[in-house]
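This report concerns only the one structure given below.
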DNA sequence: AATTCGGGGCC
DNA sequence: GGCCCAGAATT
């Protein structure tokens, strides 16, 4: 009976609180399932403040399911540039195309149908169904796991899938009749603005009276979450290749393979160097630039049939992904052409090796020429990962 | 169950 | 520097 009261209290109070305190967010001004969906995909692992400008630009450029379905993929990727997790963009467009074909352009409103769409997992399915259609489905994200772990004093490791599943069952029970959309948003809103990861603002919390974590004085110890392992360092040598003659003022860039990290984005050509000795990775000083320069020239030739003369180091850059850390040294290079006969073989071989390295099952097929000269105009059209945008900016090319 | 997928803001 | 963020797909 006490537990029931705690649950009813929680849902009732939270809903009241939300109606008074909810933030005015762009996607809350619409009830269009397509807009709700876009916002939820953008919000995966991404903060609200980061998403807002992207959301505006995206719906302005792709205002309808039809518009997004019919757009060139490159345009969609460009609109996503800087947001990260680029498979979200490609999956979203693939899913929207399916909605257009199979559902006549209407975002499906059943768990089975919407969950079958690319990029729509348990969270996004529940979020769209509840927010757009007010269906009583849970939408459990990191906020919800944190809030419920504290309120119900759950010590399970939220990094485990089984824990998320359990919290999902609990969250489903808590949904007040006919209020799924607001309740789910209320839960997330509380996590984002009050029940924050560090130093939660318990004194302003609408449910602090019956919060078990608070009553036990362990709100700061919850939720329990195992730490991710640190990213592995990789040294990389980058080629900054300037054009001559007709290509003066331009820089040579290549498109990444269609699978794996930063799939299909454009980048400055670069090669992975052997792991550094413990004490001299880039960021340190006098690493052996000679060896790096040799590797850079040899690997660009072997992998792409690209002939360059590295001139000297230009700048260093570092970029950390979730699982890899790139420690890069950029070398200014002179373009010396493309290798002929042996080059084409080497290039095909490299393409195969690359596809394999990227974990791709596909056998390459007819992919486009992956190199192109970029001036400012082209940069505005094609998507580059942030780390290369930074390098290009520092080099005065943006 | 563990990895692979970006990037930034905040303490 | 560490942590986490309105997670999903793949292995």
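Where a number appears in this text, it was derived from the coordinates with a stated rule and is not lab data. None of the values given here were measured: they were computed from a predicted structure. Heads up, the Cβs are rebuilt from the backbone with ideal geometry, glycines too, and the neighbour counts pull from every protein chain shown.
For this structure, a couple of remarks:
- Distance between the modelled labels on residue A:212 and residue A:16, one decimal in nanometres: 2.3 nm (7 Å Cα→Cβ projection).
- Relative contact order (%) - criterion: Cα under 8 Å, at least six apart; region: the range A:118-199: 38 percent
- Gained length - residue A:153 relative to residue A:50, 0.36 nm times residue gap less alpha-carbon distance: 34.0 nm
- Using every pair of distinct Cα positions in chain A, the Kirkwood expression returns a hydrodynamic radius of 24.0 angstrom.
- Per-residue Cβ neighbour rank within 10 angstrom, fewest leading, A:152, A:321: A:321, A:152
- The angle between the Cα long axis of helix A:122-133 and the longest principal axis of the Cα atoms of chain A comes to about 60 degrees, rounded to the nearest 10.
- Our helix-only sum for chain A, with -39,500 (n - 2.57) per DSSP H run of n ≥ 4 divided by its residues, gives a mean residue ellipticity at 222 nm of -13500 deg cm²/dmol.
- Placing a pseudo-label 7 Å from each Cα along the Cα-to-Cβ vector at residue A:75 and residue A:395 gives an inter-label distance of 2.9 nm.
- Ordering A:326, A:338 by the number of other Cβ atoms within 10 Å of each residue's own Cβ, fewest first, gives A:338, A:326.
- A simple spin-label model places the labels of residue A:323 and residue A:118 2.0 nm from each other, with each point 7 Å out along Cα-to-Cβ.
- Each Cα pair under 8 Å and six or more residues apart adds its separation to the average, and for chain A the resulting relative contact order is 15 percent.
- For the range A:1-97: relative contact order, % (alpha-carbon pairs under 8 angstrom, 6 or more apart): 23 percent
- If you run the Gaussian network model on chain A, springs between alpha carbon atoms under 10 Å, then out of A:135, A:258, A:227 the most flexible one is A:227.
- In chain A, the longest principal axis of the Cα atoms and the axis of helix A:142-151 are about 30 degrees apart.
- With both residues required to sit in chain A, DSSP beta bridges show an antiparallel share near 65%.
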